[in-house]
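The values are calculated or read from the model by the stated rules, or taken from the named source; none is laboratory data. Quick caveat, the model's predicted, so the values are computed rather than measured. In this analysis, Cβ positions are derived from the backbone assuming ideal geometry, glycine residues included, and neighbour counts consider all displayed protein chains. All accessible areas refer to the heavy atoms of the entire protein, side chains included, with ligands and DNA or RNA removed. Shrake-Rupley method; radii C 1.70, N 1.55, O 1.52, S 1.80 Å.
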Amino acid sequence: MANNRTFTMIKPDAVANGHIGAILDQVTKAGFKIVALKYTSLSAEKAGEFYAVHAERGFFADLVGFMSSGPIVAAILEKDNAIEDFRKLIGATDPAKADKGTIRNLFAKSIDANAVHGSDSDENAEIEGNFFFSSFERF
Ligand SMILES: Nc1ncnc2c1ncn2[C@@H]1O[C@H](COP(=O)(O)OP(=O)(O)OP(=O)(O)O)[C@@H](O)[C@H]1O
């Protein structure tokens, strides 16, 4: 498949536990090129906007509270087959079900504090990347 892009966040739990370096190391060793990178945070309002698709779910308030609880790292990554390969690298949403050696297996504690986000489609990767980065902030 042609070179394409995905969007990721290192979530507040992984940032607070000091895993930024180890996670970025795994990401680059897996062949992803970092084309934009930002240490930032989400207000509750912005977290709600980012996860609007889950607004009707029972876990939405907890998700918004958690995602606005501390700093995050946002990044746009490039690789062939980026969406699928990145989701393989991070493992299942619930770390208890994530394959051994995946980022969530190594660094996540629970289904809400699950260390990283990865886009689920090319279309969402574009939307999510645009949510954090202007065109002049990326390579
Ligand atoms: N049943 C649940 N209970 C608590 N939190 C959940 C639950 N399901 C999902 N979440 C949280 O909402 C986030 C978004 O859910 P989604 O189904 O899009 O999972 P995902 O695509 O694997 O995760 P992400 O979008 O963060 O990469 C999850 O990463 C998780 O933190």
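Could you check segment 44-66 and list, in sequence order, the residues that are open to solvent by 60 Å² or more (accessible area, probe 1.4 Å) and not in a helix (DSSP H, G or I)? If the condition is that a residue be open to solvent by 60 Å² or more (accessible area, probe 1.4 Å) and not in a helix (DSSP H, G or I), then Glu56, Arg57, Gly58, Phe59 are the ones that fit.
The rows are residues; the columns are (1) under 15 Å from Phe7 (Cα atoms); (2) polar (S, T, N, Q); (3) within 14 Å of the ligand (Cβ to nearest atom); (4) more than 15 Å from the chain's Cα centre (by Cα).
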{"site": "Leu24", "(1), (2), (3), (4)": "yes, no, no, no"}
{"site": "Phe50", "(1), (2), (3), (4)": "yes, no, yes, no"}
{"site": "Val73", "(1), (2), (3), (4)": "yes, no, yes, no"}
{"site": "Asn114", "(1), (2), (3), (4)": "no, yes, yes, no"}
{"site": "Asn130", "(1), (2), (3), (4)": "yes, yes, no, no"}
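Kindly indicate whether Asn130 is touching a helix residue (DSSP H, G or I) at 6+ places or on another chain (Cβ under 9 Å), at pLDDT 95 or above and assigned to a helix (DSSP H, G or I). When the stated conditions are applied, Asn130 does not pass them. Remark: pairs (first residue in segment 67-89, on the phi < 0 side of the Ramachandran plot and assigned to a helix (DSSP H, G or I); second residue among the charged types (D, E, K, R) and open to solvent by less than 20 Å² (accessible area, probe 1.4 Å); Cβ separation under 7 Å; 6+ apart in sequence or on different chains) = Met67/Lys11. Among the residues of segment 86-112 satisfying the criterion of being open to solvent by 20 Å² or more (accessible area, probe 1.4 Å) and aliphatic (A, V, I, L, M), which is farthest from the ligand (Cβ to nearest atom)? Here the residue is Leu106.
Among the numbered conditions (1) open to solvent by less than 60 Å² (accessible area, probe 1.4 Å); (2) assigned to a strand (DSSP E or B); (3) among the aromatic types (Phe, Trp, Tyr), the only one that Tyr39 does not meet is (1).
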